[in-house]
Amino acid sequence: MKDLAETDVVKLLMDLSYQAAMIAVDIETDKAAGMERLGTEFEQLDDLLAEIDEQMFNFNFARQAMLSARVAKRTQYHHSTHKTVQ
């Protein structure tokens with residue numbers, strides 16, 4: 001290994017420090033972008049869950065309406081066909 005002057009060592013250490021700082025900035029930038037992306041994905045997931053909740057409510061509402069109509073039809077049929085024994 002060649003002999004390095006003190007100024008060369010200082011320059012290399014400064015370059016190393018600069019590169020380490022740039023890596024730290026890149027990591028923070030990636031972290032911020034990742035957090036933003038994650039936030040967007042959570043918003044999309046929340047929207048999807050809300051849509052599923054709405055669909056389930058609509059399904060249950062429609063199911064309840066059909067069951068009520070079926071009960072009403074049976075009740076009407078039962079009252080219209082009821083005969084007394086004489």
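I need the shape label for the chain. Rule: rounded when a/c is under 1.5, else prolate if a/b > b/c, else oblate, with a, b, c from the alpha carbon gyration tensor. The shape class here is prolate.
Relative to a virtual label point 7 Å from the Cα of Leu4 in the Cα→beta-carbon direction, which members of the range 19-47 show backbone nitrogen distances below 18 Å? Within reach of a label on Leu4, which here means backbone N under 18 Å from a point 7 Å along Cα→Cβ, the range 19-47 contributes 19-21.
Only Lys, Arg, Asp and Glu carry charge here, each on its Cβ (+1 for the first two, -1 for the last two); on that basis the chain has a dipole of about 1620 debye about its Cα centre.
Angle check, please: helix 6-81 long axis (alpha carbons) against the longest principal axis of the chain (alpha carbons), in degrees 0 to 90, nearest 10. Relative to the chain, helix 6-81 is tipped by roughly 0 degrees.
Distance between the pseudo-spin-label points of Phe57 and Leu12 (7 Å out from Cα toward the beta carbon): 6.8 nm.
Values in this text are rule-based calculations from the coordinates and carry no lab data. All values derive from a computational prediction rather than experimental measurement. Cβ atoms come from the backbone with ideal geometry, glycine included; neighbour counts cover every protein chain shown.
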